[in-house]
1. Take the Cα radius of gyration of the chain and divide it by 2.2 N^0.38 Å, with N its residue count; two decimals is plenty.
2. To the nearest 20 debye, what charge dipole does segment 284-329 have about its Cα centre, counting +1 at the Cβ of each Lys and Arg and -1 at the Cβ of each Asp and Glu?
3. Select from Ala108, Ser57, Ala67 the residue farthest towards the positive end of the dipole of segment 24-152; place +1 on Cβ of Lys and Arg, -1 on Cβ of Asp and Glu, and compute about the Cα centre.
4. Which of the listed residues, Ala320, Leu355, Ala303, is farthest toward the dipole's positive end in segment 302-365, when Lys, Arg count +1 and Asp, Glu count -1 at the beta-carbon?
5. Using only the Cα atoms of segment 274-333, build the gyration tensor, take square roots of its eigenvalues as a ≥ b ≥ c, and label the shape rounded, prolate or oblate: rounded if a/c is under 1.5, else prolate if a/b is larger than b/c, else oblate.
6. Of the DSSP beta bridges with both residues in the chain, give the percent that are antiparallel, rounding to the nearest 5.
7. When the dipole is taken about the Cα centre of segment 248-304, and only Lys, Arg (+1) and Asp, Glu (-1) are charged at their Cβ, what size is it in debye, to the nearest 20?
8. Towards the positive end of the charge dipole of segment 343-428, with charges on Cβ (+1 Lys, Arg; -1 Asp, Glu), say which of Ile376, Ala366, Pro346 has the farthest Cα.
Amino acid sequence: MNAPLRLGIAGLGTVGIGVVKIIRQHAAMLSARTGRDVSISAISARSRDKDRGVSLSAYAWEDDPVALATRDDVDVYVELMGGTDGPAKASVEAAIKAGKDVVTANKAMLAIHGQALAEAAEAAGVSLRYEAAVAGGIPVVKALTEGLAGNEINRIVGVMNGSCNYILTRMESAGLTYAEVFAEADALGYLEADPQLDVGGIDAAHKLALLSAIAFGTQPDFDGIALEGIERVSIDDIRHADDMGYKIKLLGVAQRTGRGLEQRMMPCLVPGTSPIAQLQGGTNMVVIEGDAVEQIALRGPGAGEGPTASAVMGDVCDIARGLRLPVFGQPATSLEKAARAAATLPAPYYLRMALADKPGALAKIATVLGDAGVSIDRMRQYEHEDASAPVLIVTHKTTRADLDAAIKSMSDTSVLLSDPVVLRIETV
C-alpha cells in the first residue's frame, strides 16, 4: 500500500461537507480503488463555530486558506470556496508554487484565470483538476479529455445551469410568470447570492468556456461568449413555443466554424422531441459531437451536495492513482488564442411581437422581413381583446445580422408596439 493521500479542504459549505462524508463513509472502497488511503489533514472556512452537521474535530484548522494550501501534511489542496479572485485564487497559486496538486470546483476562477493557472501547474509538475466545476456530477471534463481524446470535436451543446432550467420548466408546468418562479427559486435557495450569475447566464457561460477550451484546443475565452440571460422569457413565450412544437432552454453552444470559434449562452428554442427538451428541474445535459463518435449525450444532476462532491472525489481518486493530464487536455502552452467568429452561423429564429390592431400591420412586417432577406416559415396571430395584436413568426435559416437589420427597420413602420422577443432555434 502506498503512503496515504492527504487532503486540505478549503470551503465547508454543501460540497465541502459532501466530500468529508464520502471520505468517511467509503474509506475502504477508496483505498481499494486507488491503492492508497485517502485522508483529510486540515480544513478551512469562514466560520470555525458553525454547525455543519458533522464533527470536524479530528482535523487541524487553518483560518487562512493560503496557510492550509502550503501545509507540509497536505498533498492535495481542495478549493471549494468559490470566487474569481481573492482567497481562492491566492490559495490555489500558493498550492501550485508549493508543489501541491489542486482540485477545485471554481468555474469562475478557471474561466477567467485558467490559462495562467494551467501554465503554472504544468510548469510545476502538479495536477489542476476541476470536474466539479462543470455540470455537477456529470463527468464531462473526463469524457472530453480522456474518452473522446481520439475525436475532433465539432460542437458542444448543453443545458448547464440547473437553476435556470428549474425556472423555465416550473413556469411551464405551473403556468407561473418569470417573476413568480424567480421569487420561489430564491426562497428555496436555488439561486446564487448574486442571482444574476444564474439567470444572467454567467455561471453557465463560465462552464462553457472551460469545455470549449478542452474541445477546441484554445485558451479559455469567457469574454468571447455571446451572453444573454432568461429574464425576458415570458410565460407567453413558453406557451407559444410549446404550441409550435418547441421548448425553451438556456442553451450553451460552442462550435468551430469557417468564421472562427462561435460560443454563445442564451435562451433558445429546441425541438420538443429532443432529449434536451425533456430535461426537468435541476438536471443538466451536455451533448458532444465528434467526427468519430458522432453524437453522445451526458445527463445528470447539475448541482447539489452528493453529485458535486462525487465529481471532486473522482479527481482526488485520479490523483491518488497517479494519473496526470494537461489541465485542458493538451499542454497549456500549446493552446491557441481563440479566433472569435465574426458572425454566428445561420439559423431559424422565433419572433414574438405586439402589433397595432389595424389593417395591413402584419403585411408591413412581412415586407420588412422580406426586404432584409429574411424568409418566413410560419406565422401566427393570436386572438386578443385590446389594441395590441400578438404575432409569432418563425423564420427560415437566416443570419442574425439580417434579422437585426429587419428589426431595426420595423420601428419605422408605425405598427410595432414593443421591441420583439427574438430567440434562436437550435437543432439538437
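The values are calculated or read from the model by the stated rules, or taken from the named source; none is laboratory data. Just so it is clear, the structure is predicted and the values come from calculations on it, not from any experiment. Virtual Cβ from ideal backbone geometry, glycine too; neighbours counted across all protein chains shown. In case anyone asks, the SASA skips ligands and DNA or RNA and just uses the protein heavy atoms, side chains included. Shrake-Rupley method; radii C 1.70, N 1.55, O 1.52, S 1.80 Å.
1. Its radius of gyration relative to the 2.2 N^0.38 Å reference: 1.09.
2. Computed about the Cα centre, the dipole is about 180 debye.
3. Farthest towards the positive pole: Ser57.
4. Positive-end residue among those listed: Leu355.
5. Working: a/c = 2.84, a/b = 1.28, b/c = 2.22.
It comes out oblate by the Cα gyration axes.
6. 65
7. Numbers: 5 positive and 4 negative charges, 42 e Å.
The dipole of segment 248-304 has a size of about 200 debye.
8. The residue sitting farthest along the positive end of the dipole is Pro346.
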